[in-house]
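Q: The following block contains the structure, expressed as structure tokens.
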Amino acid sequence: MPPFLHPTLLFIGLGCVAIPIIIHLLTRQRRQPIPWAAMRFIIEAYKRQRRRLTLEQLLLLAARCLLVALVAFAIARPLLSSVTAASRSARVVYILLDNALPSSLSNPDGTTPLDAHKQAAIDLLATLDPARGDRAGLILLGGPVDPAVVPASADIPAVRRLIEQATPTDSAADLDAAFSRLAPELAAAPADTPPVTISLHSEFLAGSIDTQRKLAALPARADAPPHTILISPPRDTPVANVSITGVEPLRPLILGNSPAGSQADDQVRVHLRRTGPATSQASTSLVKLRLAAPSSPRDAGASPDLASADAIAKWSPGDRETSVIISIPTVSLVDAGPSALIASIDRDAIASDNTFRRPVLARRAIQVALVTPPRLSLAVTIDRFEPADWLRLALSPQPGDSSPIRVVDLDPRAIAEPSALAGIDAVIAPRPDLLDDRAWTRLSEFVSSTGGGGLVILCTPPGTRAHPWLDQLENKFSLRVPGDREASRPAEPLSLRPDTSAALLALLSPELAELVKPVRVIERLRLDPPTDPSLALLTLSDNSPLLLIPAPAESVNAAAPSPRPPARGTILLFTAPFDLAATDLPARPLMLPLIQELVRQGVGGASASLASFAGAPVTAPPDAAVLAPIPSDAGPQIALSASPFAPRRAGLWRVQDSRGSALSLLAANADPRAADTSTTTREQVRAYLAAALPAGTPDTQLAFTDSPSPSSDPTNPARPAPDPRSPLPAWLLAAAALVGVIELALARIFSHARRLSPGLSASIAARNTSRTSARATAPTTEHQAA
């Protein structure tokens, strides 16, 4: 017997076959006969016709039972493909299920594309028979790719359960990674292994596939039939969708400490993108922005708003991208620590990309440690200023509690103490030549383990020709500082170049050309320009850097001790001393905004490094142990391992150490690449996938499921699987209708509606008369008996 799509309905229908039998038995109940002499001759005629009457009744009963059985078989929908494939070989099917961000698109009927793809995959599994050696595998395409069942397994019910449990991710589909994972399995298969069918279920929207990226090639099968790729048809109806692609505060550090009566607003730029048919229309989007401070790990997980604001983003016809600047009030900020800017828009086709989270630091003030030896007397005139005096003046031009940057002097000999840098956000060392080995070790720990990483600014000390402290910098921080270790004086004073692409100085870029004009440098360390131009924040006219971010070491001598892990914080190096004998920068207008921006952007930059997109790996701080979701009921806690964490869903997590102390926040947002709801054509999909097949593969091995005949071989799983929503089997319905007509004809032939033969009429009359007489004489007989 072939398998059925609805076996439960089959059993119920077959049980209904008993209904005509029960009715037949009830009509055959016989009453107690009453002897009557006048009926003797009529009863003898009835007995001669009894066999014929019994045969007629049995024929009608059989026709009625067969009619009920045929209807039951039609409703159960037999899968006759398994009968025709009785002589086929075992099959191996790999189901590639697209559960990326576009699979969560909301259809008008409330379903999602993932629901339809899961049902199609389950229907395909129904055609497999583990008893014949069929096996199935499953790969979920939402990045990072999840090879749920690889290699293929004969446990078909387990594969079905995994398909039913699949949920959409907020990342992009990574078909290349899926093929790369599948290729070794296909290459390692024995030569007698049957050809594999790869069943790909996706909407194939622009956000689902990257046609510019070449897929990993599938291995060829020598002297054997090639593998087959079965493709679900691409979506042909575009859907309008608006997504938030970025939230950029002017500074990742939001300060709320300002003088009384002043208004402090921080500006945040929110980027949006729209796709689908709405791009041809003018419209607006309401963007809401809030600054949230997640509660402590011991609380329920609420995120109270520290500030909020909103703005209207306007779209012109043809616009695919736009942005809006929102001013968020911060005058009443408290010292909230790790916080998050959360932007949101109205819900549309894809809900996950309507919210964007950006970790920031919310502080009333920044604590900066200025590493300088104690002085017996303060400088009262500029000609007696030391580098620490210039830096202190630039950091806090108006000393007092109202200053957003608070400076703390720290003795170089005390920096190695465990509590010396407690509560410090940034360290500035104008005399790094005074730091001993323990102090350098403490600074490296400060950079790598203070939440997302601390800020360290090192300045070239004045009055010194040789600078061996650069070796300590390289060894302790695993950095590379190529160039001379001795200070030199050029023949002519050097000027500053006005161009810079550094993000730390982005706010100074419009005025930088004017600010650098009067600056001259007379003495500096002649270091080599970094290979990455973005690491040179300020460059002198001879192309040597004045301010740079040292690059990580590319290689380490095997005989040298093992270096520490690369720093997560920011390290800045000034190649010229803050001394008027070496440069006039400290006395120029550039000094104040330069130092202020370096500190504000550098301290907040560590929090920005913990913002990523779903599917992309995020490296947590070295001492991070657990990620706690925010709010706390959003999911289970995640224990961190040595490998980077790659979230599949968008969300906000609190980074905690092994003691449960909060270090920073980690945010993952929906991948903007996956939010594109533009459609692709069948030709584009076919060409994209055909590149993964070996050369010479026939076109019939790459087919869409709705093609008239994906394969001429009825045993090939590339043939369309039975659709449970299709009409009932026509041939079974036709057979049931035919049996119904035959039953009606027999019932009429065997009934009294036609002229009866004399013998049969007499028999029926005798039977009816006998029953009537019996009922009439029954009271008399009972009276005589009494």
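Quick grid of which residues meet (1) at pLDDT 90 or above; (2) not in a helix (DSSP H, G or I):
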| site | (1), (2) |
| --- | --- |
| L421 | no, yes |
| R438 | yes, no |
| L443 | yes, no |
| N475 | yes, no |
| S509 | no, no |
| L512 | yes, no |
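Q: Quickly run through segment 148-164 and pick out the residues that are among the aliphatic types (A, V, I, L, M) and farther than 19 Å from I198 by Cβ. Can you show your working first?
A: To start, the set of residues in segment 148-164 that are among the aliphatic types (A, V, I, L, M) comprises 148-150, 152, 154, 156, 158-159, 162-163.
Passing the criteria: only A158.
To keep it simple, each residue is scored yes or no on (1) surrounded by 16 or more Cβ atoms within 10 Å (Cβ to Cβ); (2) in a loop (DSSP other than H, G, I, E, B).
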| site | (1), (2) |
| --- | --- |
| V71 | yes, no |
| D109 | no, yes |
| A120 | yes, no |
| L124 | yes, no |
| P147 | yes, no |
| E164 | no, no |
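Q: Another one. Find all pairs meeting these conditions: Cβ atoms under 8 angstrom apart; at least six residues apart or on different chains; first residue within segment 658-683 and free of Cβ contacts under 8 Å to residues at least 40 places away in the same chain; second residue part of a strand (DSSP E or B).
A: Close Cβ pairs (under 8 Å, with a partner that is part of a strand (DSSP E or B)) amount to S658/V626.
Q: Among what's in segment 405-419 and is touching a residue at least 12 places away in the same chain (Cβ under 8 Å) and assigned to a helix (DSSP H, G or I), pick the residue that is least open to solvent (accessible area, probe 1.4 Å).
A: P412
Q: Still on this structure: Got a sec? Which of D532, D542 is within 21 Å of F477 (Cβ to Cβ) and modelled with pLDDT of 85 or more? First the steps, then the outcome.
A: Values: D542 fails: within 21 Å of F477 (Cβ to Cβ).
D532 is the lone residue from the list that is within 21 Å of F477 (Cβ to Cβ) and modelled with pLDDT of 85 or more.
Q: Let me ask you something else. Does P147 meet the test of being touching a helix residue (DSSP H, G or I) at 6+ places or on another chain (Cβ under 9 Å) and assigned by TED's automatic domain parsing to the domain that holds T700?
A: Details: touching a helix residue (DSSP H, G or I) at 6+ places or on another chain (Cβ under 9 Å): yes; assigned by TED's automatic domain parsing to the domain that holds T700: yes.
It is true that P147 is touching a helix residue (DSSP H, G or I) at 6+ places or on another chain (Cβ under 9 Å) and assigned by TED's automatic domain parsing to the domain that holds T700.
Q: Would you pick out the residues in segment 640-653 that are in contact (Cβ under 8 Å) with a residue 60 or more places away in the chain and more than 19 Å from the chain's Cα centre (by Cα)?
A: Listed by number, the list is empty, since nothing qualifies.
Q: Then there's this: Could you count how many residues in segment 575-615 are assigned to a strand (DSSP E or B) and either over 30 Å from G143 (Cβ atoms) or hydroxyl-bearing (S, T, Y) (or both)? Please lay out each step first, then the result.
A: Going through segment 575-615, the residues assigned to a strand (DSSP E or B) turn out to be 583, 611-613.
So of that shortlist, the ones also either over 30 Å from G143 (Cβ atoms) or hydroxyl-bearing (S, T, Y) (or both) come out as 583, 612.
Final tally of qualifying residues: 2.
Q: Taking L333 and the conditions (1) at pLDDT below 90; (2) out of contact with any Gly (no Cβ under 9 Å at 6 or more places or on another chain); (3) over 30 Å from T460 (Cβ atoms); (4) outside any strand (DSSP E or B), which numbered condition does it fall short on, given that it satisfies the others?
A: (2)
Q: Another question, then. Which of the following residues is outside any strand (DSSP E or B), open to solvent by less than 30 Å² (accessible area, probe 1.4 Å), in contact (Cβ under 8 Å) with a residue 12 or more places away in the chain and outside the structural domain of L665 (by TED's automatic domain parsing): L470, L525, L458?
A: Details: L525 fails: outside any strand (DSSP E or B); L458 fails: outside any strand (DSSP E or B).
Step by step, each of L470, L525, L458 is checked, and only L470 is outside any strand (DSSP E or B), open to solvent by less than 30 Å² (accessible area, probe 1.4 Å), in contact (Cβ under 8 Å) with a residue 12 or more places away in the chain and outside the structural domain of L665 (by TED's automatic domain parsing).
The values are calculated or read from the model by the stated rules, or taken from the named source; none is laboratory data. This structure is a prediction, so every number in the text was calculated from the model and none was measured. FYI the Cβ positions are ideal-geometry reconstructions off the backbone, even for glycines, and counts take in every protein chain you see. Please note that ligands, DNA and RNA were not included when accessible areas were found on the heavy atoms of the full protein model with its side chains. Shrake-Rupley method; radii C 1.70, N 1.55, O 1.52, S 1.80 Å.
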